[in-house]
1. For segment A:158-249, place one equal point scatterer on every Cα, skip the solvent, and apply the Debye formula. What is log10 of I(q)/I(0) at q = 0.10, 0.12, 0.14, 0.17 Å⁻¹?
2. With every protein chain kept in place and ligands, DNA and RNA left out, what is the accessible area per residue of chain A? Probe 1.4 Å, answer in Å².
3. How far, in nm to one decimal, is residue B:264 from itself in the other copies if the label point is set 7 angstrom along Cα toward Cβ? Shortest first, please.
4. Quick check: at a probe of 1.4 Å, how many percent of the accessible area of segment A:121-166 sits on carbon and sulfur atoms?
5. Which value results when the Cα radius of gyration for segment B:56-129 is divided by 2.2 N^0.38 Å?
6. Need the C-alpha centroid separation for segment B:227-295 versus segment B:18-48, integer Å.
7. Specify which residue in the list A:106, A:121, A:91 is farthest towards the positive end of the charge dipole of segment A:59-121, using unit charges on the beta carbon of Lys, Arg (+1) and Asp, Glu (-1), about the Cα centre.
8. Rounding to the nearest 20 debye, state how big the charge dipole of segment A:29-84 is about its Cα centre with +1 on each Lys and Arg Cβ and -1 on each Asp and Glu Cβ.
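The values are calculated or read from the model by the stated rules, or taken from the named source; none is laboratory data. Just so it is clear, the model here is predicted, and its values are computed rather than measured. Glycine gets a Cβ as well: all are built from the backbone with ideal geometry, and neighbour counts include every protein chain shown. Heavy atoms of the whole protein, side chains included, go into the accessibility calculation; ligands, DNA and RNA do not. Shrake-Rupley method; radii C 1.70, N 1.55, O 1.52, S 1.80 Å.
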2 protein chains.
Amino acid sequence: MEPEILSESVLRDFTRAVFLQMGCSEEHAEEAADVLMHADLRGIDSHGVARLSGYVRLWKAGRVNASPSFHLSTETPSTATLNADGALGLVSAPHAMRIAIEKAKICGSGWVAVRNSNHFGIAAHHALMAAREGMIGFAVTNASPLVTPAGGAERMLGTNPVCYAFPAGAEAPFVLDMATSAASNGKLEIAERKGKAVPEGWLTDQNGNASTDPSALRSGGMLLTLGSDTEHGDYKGYGLSSVVDLLSGVLSGANYGPWVPPFVSYLPVLPNLPGEGIGHFVGAMRVDGFRPLEEYQEHMDRWIRRFRESKARKSEKPVMIPGEPEAREEVMRRQTGIPVNDKVMADLRQLAQELNLNFA
Amino acid sequence: MEPEILSESVLRDFTRAVFLQMGCSEEHAEEAADVLMHADLRGIDSHGVARLSGYVRLWKAGRVNASPSFHLSTETPSTATLNADGALGLVSAPHAMRIAIEKAKICGSGWVAVRNSNHFGIAAHHALMAAREGMIGFAVTNASPLVTPAGGAERMLGTNPVCYAFPAGAEAPFVLDMATSAASNGKLEIAERKGKAVPEGWLTDQNGNASTDPSALRSGGMLLTLGSDTEHGDYKGYGLSSVVDLLSGVLSGANYGPWVPPFVSYLPVLPNLPGEGIGHFVGAMRVDGFRPLEEYQEHMDRWIRRFRESKARKSEKPVMIPGEPEAREEVMRRQTGIPVNDKVMADLRQLAQELNLNFA
């Protein structure tokens, strides 16, 4: 079935209305809608309006605070920890990034850990806030445990994304936004819907044995880390995922490892948690804290062009710059609209009914 | 042939003597020897005294300045760029890290880009300097181009390592020190010496076609990035390697991408370089800029123990904590000595003769 195409403004208005109905302030509803729309515009469909009903269910279960009071629990000129008071990560992460940017304006860089938060949407949204200010942006978050450490057979880590955004000159920014697992949950769901096996190296069954059955994850299986096996460096993906967990969880005072609260309302939160909510870590470094901005921009453009023009394995598939396909998609979708599949459409219509809102 | 076992002090004295003979100051010779010994002690044999003759050859070729004048070209309270004046990276990277640590003491974090430098040894040495001060340490460097971007067929990136060190409480620090390529050059050399094929996903031949022949790298082939192929996320390893190159090269004013000068004296430096030498990027963040140190240490220990005790795929192979095997090796080798293989022994003896020094 072909997806329906909705304009950005229709989806944005509805999304904002949902957050307002949850009790968010005008400002927070706007911000949260902005993050979800940014995902849909960039083609990261798994992180846009497809998640809206999930946020509502978490709120209904009392696991999201729609009217949080943010406060900094620790602070130095270039660092801070934000207690997000159970907020949507869609709201706390941009708030933390604004603090990081203000710190960077004053002393060159700013780094903010966030605890007591929830799912923060696409990391690229937050990192790009810094890039627009002539800064290098960094954003990571821990997430519901689905991933096993290298050599392990237990869900200990989330897909823990790492994101860096580097501003350029005439070129679009360089944006790396990657899960530290070999494959994302979203890719498994697509394969499962199509009834297809997935490549070896993506997941294991519940005993830690290799599996190519995408449904194994729902039956207690585990995702593998980037690298997939010892020979190909799964311990590196494990290490990166751990760094994300340490920055987001241990440093901030949030939960970490197997204790990170699930994103879905039907899974319970574990007892005796070591921290509060889930955690993020964001940062911004002023480019001109290292080198004059114009000089940097010139070399950044040169880097991008040299890589884009480097020899490709197949001449019809040129080497890509991280973030380039998403930037292109964003330009296109702003004009032609956002495709929404039937499952998500049904979900949004159901949500509209529940919350007594109008929807397409 | 069994390797010879040398005591740390014999190797350290000889290494320091070699650097003194190159014209390094007492202080620099001590520092450079320290970095190489740290690699040998931690069991990273590819980055210890095995590299000593390579540094000497680069110096003889006029590509290393043994008596550099360091200066900062740009500075804010939490950031700076160090012009290393052609120094050994073994000396400039610790110098940069000391500046980062001083900045962090004053304003919470410190970040120093380094240009006009050379190979910096093991990244873990530099990151651990911060961990010893109750700070999270970060160290990356770009390197001679040997790696192709995802989908590419050209040497555009180095094995560009990423290192993070997190201090703990009673436990040893968490140390991730990983190349962003699927496999290291060193692993290929070992396979080649043994005449063994390597796994698919490590390298390609000169045309970008998959290869399992370890000698393909010397015949113009390329290393693949972490992830190995599209299905397993080679674009993620490419993205991470690029981030290292941008921080180390583009941000600092060093060379980047295919222009990074080779580490070996028999390969020429390209003409019309966009920057100076190779580049590094180091950083330090005070833990207590985010959370009281004791509280953090307690949770860091808990994180480490929970992961160590998590369910392993094979009960005889427990899940490892990044940096743990190296820390164990260091304790052992400090007592029992450092194994040096025959090839490296011959190399060191030859060096002793050339420079008119005594050696075992």
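1. -0.31, -0.44, -0.57, -0.76
2. Working: 13550 Å² over 360 residues.
On a per-residue basis, 38 Å².
3. Distances to the matching label points in the other copies: 5.2 nm.
4. Numbers: 380 of 750 Å².
Carbon-and-sulfur percentage of accessible area, whole number: 51.
5. On the way: Rg = 12.7 Å, N = 74, 2.2 N^0.38 = 11.3 Å.
That works out to 1.13 for segment B:56-129.
6. Rounded to whole Å, the Cα centres lie 22 Å apart.
7. Most positive-ward Cα: A:121.
8. Once rounded to the nearest 20, the dipole reads 340 debye.
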